[in-house]
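*Asks:* I have a structure I would like to understand better, so I am pasting it below and will then ask my questions one at a time.
The values are calculated or read from the model by the stated rules, or taken from the named source; none is laboratory data. Predicted, not measured: the structure shown is a model, and the values here were computed from it. All Cβ positions, glycine included, derive from the backbone under ideal geometry; neighbour counts span all protein chains shown.
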Amino acid sequence: MHNKTIADISRDLAAGEYSSVEITENLLNRIKNTDAHYNSFITVSEEQALAQAKAADARRAAGNADAWTGVPMAHKDIFCTNGVLTTCGSKMLSNFIAPYDATIVENFNNAGAVSLGKLNMDEFAMGSSNESSFYGAVKNPWDGERVPGGSSGGSAAAVAAQLVPGATASDTGGSIRQPAAFCGLTGLKPTYGRVSRWGMIAYASSLDQAGTITRTAEDSAMMLNVMAGFDAKDSTCVDREVPDYTATLNNSIAGLTIGLPKEYFRSDLSADMQQQVRNAIAEYEKMGAKVKEISLPNTHLAIPAYYIIAPAECSANLSRMDGVRFGYRCENPQDINDLYKRSRGEGFGIEVKRRIMVGAYALSAGFYDAYYKKAQQVRRLIRNDFVNAFNEVDIIMGPTTPTPAFKRGEKTADPVDMYLEDIFTIALNLAGLPGMSISCGQVNNLPVGLQLIGNYFDEGRLLNAAHQFQQHTDWHLKTPDLKNQADI
Amino acid sequence: MEWEVVIGLEIHAQLATKSKIFSGSSTAYGAEANTQANAIDLGLPGVLPAFNEEALRMAVKFGLAIDAEIGLKSVFDRKNYFYPDSPKGYQTTQLHHPIVGIGHIDIELEDGSSKRINVTRAHLEEDAGKSVHEGFNGMSGIDLNRAGTPLIEIVSEPEMRNAKEAAAYFRKMHSIVTYLGICDGDLSQGSMRCDCNVSLRPKGQEEFGTRTEIKNVNSFRNVERAIDSEIARQMDILEDGGKIIQETRLYDADKNETRAMRSKEVANDYRYFPCPDLLPVIIDDNYVEAVRATLPELPDAKRARFAHSHGLSPIDAAVLAANRELAHYFETAAKIANDYKLAANWVQGDVSATLNRLEISISELAVSAEQLGRILQLIKDSTLNNGGAKEVFNALVEGKGDGSAESVDKLVDSLGLKQVSDSGAIEAIVAEVLAANPKLVEGYLATPEDKRAKAIGPFIGLVRKAAKGVNPQVVMDVLQKKLSEL
């Protein structure tokens with residue numbers, strides 16, 4: 001039962017193959033028995049999940065079932081869930097029971113989905129390896145010594161370990177696409193403004209976007225159907241019609257023009273990685289797509305710009321974690337400054353502190369113009385690169401990451417080395433564009449991700465292209481050898 | 001040395017929106033602590049602001065009222081600082097692109113002249129909560145009911161030259177925002193608060209002296225007193241050859257002195273940057289014109305109309321126009337009586353005296369404008385004399401009336417105040433009085449013609465004593481006639 005996709009489960013439930021309670025119990029047991037190995041869940045909400053499953057079964061019995069009724073899934077712990085611990089992977093929120101639901105959580109609840117719990121992540125979504133979580137590192141189901149990617153490492157590991165068929169995730173600089181690539185999965189980061197940010201704990205507000213990690217593009221489309229749409233509670237959410245993303249999955253992609261940015265196929269990208277990605281492009285050509293080399297000349301500026309803008313925004317966003325109204329508070333504060341300093345000093349991990357300090361510095365008097373303002377100008381250049389490119393091509397493709405999953409501890413000593421992990425993914429967040437990662441090959445038995453970049457609000461075309469690839473190849477069906485890991 | 005005083009004011013006015021600037025919580029004053037603070041006001045993780053457009057409309061209205069440039073694109077910024085009553089760790093405000101740009105108002109000086117004071121800008125921002133220091137065993141409590149209440153901060157140019165001008169400016173701003181209905185103007189509840197920047201420089205010097213800022217002064221009188229005491233303090237220091245330290249000070253009204261707030265070791269760096277959760281606010285000329293169409297008659301226009309169309313003195317016109325409700329009361333009564341001068345005398349006389357005595361506002365006065373208008377009508381048609389009118393007015397103040405104009409007539413009847421204007425009846429009384437006071441009559445007749453107007457006074461008093469409620473004008477006429485016949 002556990003190796004099924006969301007679409008499979010939806011069909012099976014409709015056909016009466018099993019009940020929502022049955023599959024929910026099955027997955028809960030699986031989590032109980034095996035997740036100690038992956039550490040993908042922070043909170044398992046068993047009681048709530050079973051109640052939702054029972055309600056879903058009753059709804060089905062009453063003849064009111066939809067595609068999502070009774071389908072299990074789980075949320076990244078960055079999304080507030082009413083009455084459920086919501087930690088964002090931090091000691092700071094290790095006692096925070098959210099009093100409200102994020103809009104997308106509410107959407108899934110209303111759709112009848114069953115939430116199994118909350119998934120591990122890098123602390124406040126800052127990281128590319130899921131090693132910065134207060135709740136411990138997450139292991140990659142393909143190789144227990146390797147990282148699952150980050151910051152949505154729990155979402156990716158849980159789906160790869162077949163604990164859930166799909167999970168919500170969030171992406172500020174690659175936090176959906178990179179873990180999807182490392183775990184052989186399908187990751188979707190929608191256009192900025194496509195999905196409400198209400199209730200998603202902010203890291204960098206102008207870059208954060210909620211999305212999905214699933215095994216197939218079809219499942220991503222099903223999830224996006226639930227998540228996308230206008231929300232008056234988020235002023236940056238765009239009021240624009242939401243198409244049925246599953247309706248266009250089977251469109252032909254003959255004639256599709258694929259742009260290959262020469263900056264993404266650099267000489268320092270390993271020959272193995274290049275080969276896997278080129279093979280995938282060749283696959284597309286076989287399906288009738290045309291390929292065109294393009295240039296995104298400001299690609300090299302993406303990481304420096306990102307590491308000004310994201311820390312600057314986070315330095316303000318995380319100020320509310322002050323120990324006054326909620327969250328972690330130090331013991332016996334002597335006065336208000338002591339309370340602030342020790343609560344934040346003890347509550348935040350090292351990477352979070354590093355970014356708050358970088359951000360505060362970049363915004364400080366006398367430096368604003370040189371850093372923050374300049375970074376915003378660079379951001380416009382990067383956006384223009386893409387706007388120009390999309391005048392020539394329909395979709396852009398390249399590697400999601402420079403390497404497959406690396407080992408835990410390999411990059412923790414050098415933050416910049418870690419930051420370079422996101423070299424191909426970060427520019428999309430700066431531009432606000434939608435992107436996907438789909439599994440397109442393997443290097444040393446580790447999955448390799450192909451990144452698909454679409455024009456604004458062109459998620460339908462991305463999902464169509466990803467789905468067509470998955471109809472012609474079977475990389476997305478490859479799963480890690482879970483048997484050896486399960487008996488712990 | 002001769003010193004010149006330089007004063008600039010920053011006024012915070014709470015906008016009278018029903019809900020907060022970025023959340024749906026109520027802005028009503030006086031609720032139990034933290035009952036009007038939702039997840040957004042508490043700054044919980046994951047919440048986002050949604051801008052209340054009513055606050056925008058009010059700010060634009062203000063901008064138009066002071067003839068200011070309206071920011072067609074205004075941008076919210078985050079001002080970062082830690083304080084327990086600032087739940088997010090930053091205040092959402094407008095730094096570089098305020099909704100209201102350069103404007104001006106005219107203030108009236110004591111000598112009757114007016115002076116133009118330029119307004120640098122006015123921007124939208126959110127109010128903070130309140131720290132409560134009593135009742136928590138040495139710790140502090142936080143009440144976030146006020147957090148997120150919309151404010152406009154109105155920044156003046158440093159163009160005031162003494163405390164009276166500053167107080168006049170504050171009063172004028174108060175008058176404008178209450179006229180516009182965008183602020184309830186209740187100083188005691190902190191609806192309007194004033195920060196006063198004060199510096200001195202040798203007369204003739206162009207460069208400004210070092211200034212101090214007196215925070216949160218909340219009455220017109222205290223603005224004047226606080227500034228005067230700060231001027232005196234600075235002058236003492238400068239005369240002694242000392243230097244003014246740039247600092248924030250608080251005014252202690254009981255001691256009538258300002259004192260330094262705990263000084264910060266280093267200046268705050270607020271690390272402003274545009275708030276990524278809020279889009280720039282874009283409006284167009286159509287929007288601005290639609291708001292302009294809703295502007296009421298403003299104090300200056302009303303004052304001019306009172307003076308020019310209704311013949312009031314400049315001072316009367318200014319006093320009556322300063323408060324929108326009082327002006328409305330006055331105009332209503334004046335229209336009914338068809339006599340603006342009479343109404344002006346009453347509103348500035350008995351009405352104002354009563355308001356001061358009872359410490360109430362015009363809206364709380366038991367005498368309606370319609371009732372006052374009726375009283376004035378009755379004075380004009382000689383049904384009431386002045387004493388009778390005052391008696392009716394006071395009876396109404398004490399609650400003997402139902403607000404209707406008819407109740408004035410009933411009171412006049414029941415109190416027996418209708419004055420006697422029947423000249424036949426008055427002639428008989430006059431004849432009696434003259435007969436009973438031959439010596440007085442003799443004295444009068446001995447008075448030269450040109451001084452007789454004054455000498456007639458005692459007769460009037462005697463007639464009115466003999467018959468209450470007689471019309472003094474008729475008494476005068478009859479007396480003159482009778483005396484001239486002797």
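*Asks:* Just give me the residues in region A:230-250 being of a type in the set (S, T, N, Q) and more than 11 Å from every other protein chain (Cβ to nearest Cβ), in sequence order.
*Replies:* Listed by number, the residues that qualify are A:246, A:248, A:250.
*Asks:* Might you check whether a residue that is surrounded by 23 or more Cβ atoms within 10 Å (Cβ to Cβ), more than 28 Å from the chain's Cα centre (by Cα) and facing another protein chain (nearest Cβ under 9 Å) occurs anywhere in region B:61-76?
*Replies:* No, that holds for no residue.
*Asks:* Would region B:419-434 turn up any residue that is touching a Phe, Trp or Tyr at 6+ places or on another chain (Cβ under 7 Å) and outside the structural domain of residue B:366 (by TED's automatic domain parsing)?
*Replies:* Checking region B:419-434: at least one residue is touching a Phe, Trp or Tyr at 6+ places or on another chain (Cβ under 7 Å) and outside the structural domain of residue B:366 (by TED's automatic domain parsing).
*Asks:* So, in region B:169-183, how many residues would count as being under 16 Å from residue B:223 (Cβ atoms) and crowded, with 24+ Cβ neighbours inside 10 Å?
*Replies:* The total comes to 4.
*Asks:* Residue B:432 is checked against (1) surrounded by 19 or more Cβ atoms within 10 Å (Cβ to Cβ); (2) part of a helix (DSSP H, G or I) and fails just one. What number does that condition carry?
*Replies:* Here residue B:432 meets the rest and fails (1).
*Asks:* Here's another thing I want to ask about it. Name every residue in region B:432-457 that is more than 14 Å from residue B:480 (Cβ to Cβ) and over 49 Å from the mean Cα position of the chain (by Cα), in order of residue number.
*Replies:* Residues satisfying the conditions are B:432, B:435, B:436, B:437, B:438, B:439, B:440, B:442, B:443, B:446, B:448.
*Asks:* Of all helices (runs of 4 or more DSSP H) completely enclosed by region A:241-358, which ones contain at least 1 residues that are of a type in the set (Val, Ile, Thr), farther than 19 Å from residue A:400 by Cβ and at pLDDT 95 or above? Full working, then the answer.
*Replies:* Details: elements: A:271-286, A:302-317, A:336-347.
Helices (runs of 4 or more DSSP H) meeting the threshold: A:302-317.
*Asks:* Then there is this: Answer yes or no as to whether residue A:76 is within 14 Å of another protein chain (Cβ to nearest Cβ), buried (at least 24 other Cβ atoms within 10 Å of the Cβ), in contact with a His (Cβ under 7 Å, 6 or more places away or on another chain) and in contact (Cβ under 8 Å) with a residue 40 or more places away in the chain.
*Replies:* no
*Asks:* Still on this structure, please answer the following. If you check residue B:35 against the conditions, is it within 11 Å of another protein chain (Cβ to nearest Cβ), hydroxyl-bearing (Ser, Thr, Tyr) and within 20 Å of residue A:324 (Cα to Cα)? Quick ask: steps written out before the conclusion?
*Replies:* Working: within 11 Å of another protein chain (Cβ to nearest Cβ): no; hydroxyl-bearing (Ser, Thr, Tyr): yes; within 20 Å of residue A:324 (Cα to Cα): yes.
So residue B:35 does not fit the description; no.
Listed here are the residues, each with its yes/no results for (1) touching a strand residue (DSSP E or B) at 6+ places or on another chain (Cβ under 8 Å); (2) closer than 16 Å to residue B:162 by Cα.
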| residue | (1), (2) |
| --- | --- |
| B:213 | yes, yes |
| B:216 | yes, no |
| B:228 | no, yes |
| B:239 | no, no |
| B:247 | yes, no |
| B:261 | yes, no |
| B:269 | no, no |
| B:276 | no, no |
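*Asks:* Going through region A:148-171 one residue at a time, which ones are over 18 Å from residue A:123 (Cα atoms) and in a loop (DSSP other than H, G, I, E, B)?
*Replies:* Selection gives A:161, A:162, A:163, A:164, A:165.
*Asks:* Which count do you get for residues in region A:177-194 that are in a helix (DSSP H, G or I) and out of contact with any Leu (no Cβ under 9 Å at 6 or more places or on another chain)?
*Replies:* Residues that pass the stated criteria total 1.
*Asks:* I would also like to ask the following. Any idea which of B:450, B:402 is closer than 30 Å to residue B:368 by Cβ and of a type in the set (Asp, Glu)?
*Replies:* Going through B:450, B:402 in turn, the sole match is B:402.
*Asks:* Next question, about the same structure. Please verify whether residue B:334 is modelled with pLDDT of 95 or more, over 15 Å from residue B:397 (Cβ atoms) and in the same structural domain as residue B:408 (by TED's automatic domain parsing), treating the condition exactly as stated. Working first, answer last.
*Replies:* Numbers: modelled with pLDDT of 95 or more: yes; over 15 Å from residue B:397 (Cβ atoms): yes; in the same structural domain as residue B:408 (by TED's automatic domain parsing): yes.
Judged against the criteria, residue B:334 is a match.
*Asks:* Just one of B:152, B:102, B:142, B:182 is within 26 Å of residue B:225 (Cα to Cα), of a type in the set (Val, Ile, Thr) and touching a residue at least 24 places away in the same chain (Cβ under 8 Å); which is it?
*Replies:* B:152
Residue-wise test of (1) within 14 Å of chain B (Cβ to nearest Cβ); (2) within 17 Å of residue A:168 (Cα to Cα).
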position: A:206; (1), (2): yes, no
position: A:215; (1), (2): no, yes
position: A:228; (1), (2): no, yes
position: A:252; (1), (2): no, no
position: A:261; (1), (2): no, no
position: A:268; (1), (2): no, no
position: A:272; (1), (2): no, no
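*Asks:* Going through region A:342-363 one residue at a time, which ones are crowded, with 16+ Cβ neighbours inside 10 Å and within 12 Å of chain B (Cβ to nearest Cβ)?
*Replies:* Listed by number, the residues that qualify are A:343, A:344, A:356, A:359, A:360, A:362, A:363.
*Asks:* Taking the condition more than 11 Å from every other protein chain (Cβ to nearest Cβ), buried (at least 24 other Cβ atoms within 10 Å of the Cβ), over 13 Å from the mean Cα position of the chain (by Cα) and within 30 Å of residue A:444 (Cα to Cα), does residue A:184 pass?
*Replies:* Values: more than 11 Å from every other protein chain (Cβ to nearest Cβ): yes; buried (at least 24 other Cβ atoms within 10 Å of the Cβ): yes; over 13 Å from the mean Cα position of the chain (by Cα): yes; within 30 Å of residue A:444 (Cα to Cα): yes.
Criteria met by residue A:184.
*Asks:* Which residues, taken from region A:83-97, are part of a loop (DSSP other than H, G, I, E, B) and either under 21 Å from the mean Cα position of the chain (by Cα) or at pLDDT below 95 (or both)?
*Replies:* Within region A:83-97, A:86, A:87, A:88, A:89, A:90 qualify.
*Asks:* Now a separate question. Just to verify a result, which residue in region A:79-103, among those that are surrounded by fewer than 21 Cβ atoms within 10 Å (Cβ to Cβ) and hydroxyl-bearing (Ser, Thr, Tyr), is farthest from the other protein chains (Cβ to nearest Cβ)?
*Replies:* Among them, the one singled out is A:94.
*Asks:* Give region A:310-334 a look and list any residue that's over 12 Å from residue A:126 (Cβ atoms), more than 9 Å from chain B (Cβ to nearest Cβ) and among the hydrophobic types (A, V, I, L, M, F, W, C), or say none.
*Replies:* Once the filter is applied, which keeps residues that are over 12 Å from residue A:126 (Cβ atoms), more than 9 Å from chain B (Cβ to nearest Cβ) and among the hydrophobic types (A, V, I, L, M, F, W, C), region A:310-334 yields only A:330.
*Asks:* Right, here's the next one. Looking at region B:7-116, what strands (runs of 3 or more DSSP E) fall wholly within it and have at least 1 residues that are charged (D, E, K, R) and assigned by TED's automatic domain parsing to the domain that holds residue B:210? Don't jump to the end; show me each part of the working.
*Replies:* Working: elements: B:77-80, B:90-93, B:103-108.
In region B:7-116, the matching strands (runs of 3 or more DSSP E) lie at B:77-80, B:103-108.
*Asks:* Then there is this: Hey, can you tell me all the residues within region A:19-54 that are part of a helix (DSSP H, G or I) and among the hydroxyl-bearing types (Ser, Thr, Tyr)? Please lay out each step first, then the result.
*Replies:* Going residue by residue through region A:19-54, those that are part of a helix (DSSP H, G or I) are A:20-38, A:46-54.
Within region A:19-54, A:20, A:24, A:34, A:38 meet the criteria.
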